[in-house]
1. Count, please, the residues in segment 113-144 that happen to be within 18 Å of residue 190 (Cα to Cα) and surrounded by 14 or more Cβ atoms within 10 Å (Cβ to Cβ).
2. How many residues does segment 1-20 hold that are in a helix (DSSP H, G or I), over 38 Å from the mean Cα position of the chain (by Cα) and under 17 Å from residue 37 (Cβ atoms)?
3. Scan (1) outside any strand (DSSP E or B); (2) among the hydrophobic types (A, V, I, L, M, F, W, C); (3) out of contact with any His (no Cβ under 9 Å at 6 or more places or on another chain) for the single condition residue 131 breaks and write down its number.
4. Please list, ordered by first then second residue, the pairs with beta carbon atoms under 8 Å, 6 or more apart or interchain, first in segment 87-109 and over 15 Å from residue 60 (Cβ atoms), second part of a strand (DSSP E or B).
5. Would you mind stating whether residue 167 is within 20 Å of residue 55 (Cβ to Cβ) and either modelled with pLDDT under 90 or in a strand (DSSP E or B) (or both)?
6. Can you report the number of residues in segment 145-179 which are among the β-branched types (Val, Ile, Thr), surrounded by 15 or more Cβ atoms within 10 Å (Cβ to Cβ), without any contact (Cβ under 8 Å) to a residue 60 or more places away in the chain and closer than 24 Å to residue 111 by Cα?
7. Given the conditions (1) over 23 Å from residue 187 (Cα atoms); (2) touching a Leu at 6+ places or on another chain (Cβ under 9 Å); (3) hydroxyl-bearing (Ser, Thr, Tyr), which single one is not true for residue 109?
8. Residue 189 passes all but one of (1) under 24 Å from residue 95 (Cα atoms); (2) assigned to a helix (DSSP H, G or I); which number fails?
Amino acid sequence: MARQFGVSERTISRDLSLMRDQGMQIDADRGRGGGVRLDRNWGVGRINLAYSEAVDLLISLAVAEQMKSPMFLANLDSVRRQLVASFSPAKRDTVEHLKSRILVGVTASTYVQAGTASPPKPVVQALHQAFTDQEMLEIRYQREDDETSKRIIEPHYLLLKYPVWYVVGFDHLRKAPRTFRCDRILAASRTGTHFQLLPKEDFPLMPDGDELVM
């Protein structure tokens, strides 16, 4: 293999080790007729996820679990264990920290649901990254009365009142904690400035004046 690909044997060994770490079923036999081979059954029902994709999936599973949805979750523990096992100890701590910042409240009222729309994809991407990296976000926000304003916010927590997502954070315009409905964020851009996470107790109210469910 080293001669075929024009690299050293050490490089081949390192690449094979990396492939095994990624979950590929690679067997090696010594002696006459031996060699390295990929299990012919490997790949059936298997996928390789990037770290960010695995984190998203793991957090989605955690949200589904918190919502106590009984359908199609019979193998939830097994799926979660396999995902967690693919992370280094440091990354596991990071994922647990992110999960602790996602809150699930009561289902949104029919009135709120009727006026809900999907946020623009660029907004979702910017918010996702800023939330993950604890980075301040500059947004253009539309209130219920249609008035718009520019804000600098710290996205400390995400709150799901199914099917509506909210950002629970600190608003530098108002100099106080505020909650923003994600579908009312018209534009968002990262600032490159990071913030220190505040405890949940500093955000006592949910949308509509309900107490925050933690």
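The values are calculated or read from the model by the stated rules, or taken from the named source; none is laboratory data. Bear in mind that the values here come from a model prediction, so they are computed numbers and not experimental data. Here the Cβ is made from the backbone with ideal geometry for all residues, glycine too, and neighbour counts use every protein chain on show.
1. Qualifying residue count, segment 113-144: 19.
2. 2
3. For residue 131, the failing item is (3).
4. 105/159; 105/160; 105/161; 106/161; 107/161; 108/161; 108/164
5. Details: within 20 Å of residue 55 (Cβ to Cβ): yes; either modelled with pLDDT under 90 or in a strand (DSSP E or B) (or both): yes.
The answer is yes for residue 167.
6. 3
7. The one condition residue 109 does not meet is (2).
8. Result: residue 189 fails condition (2) only.
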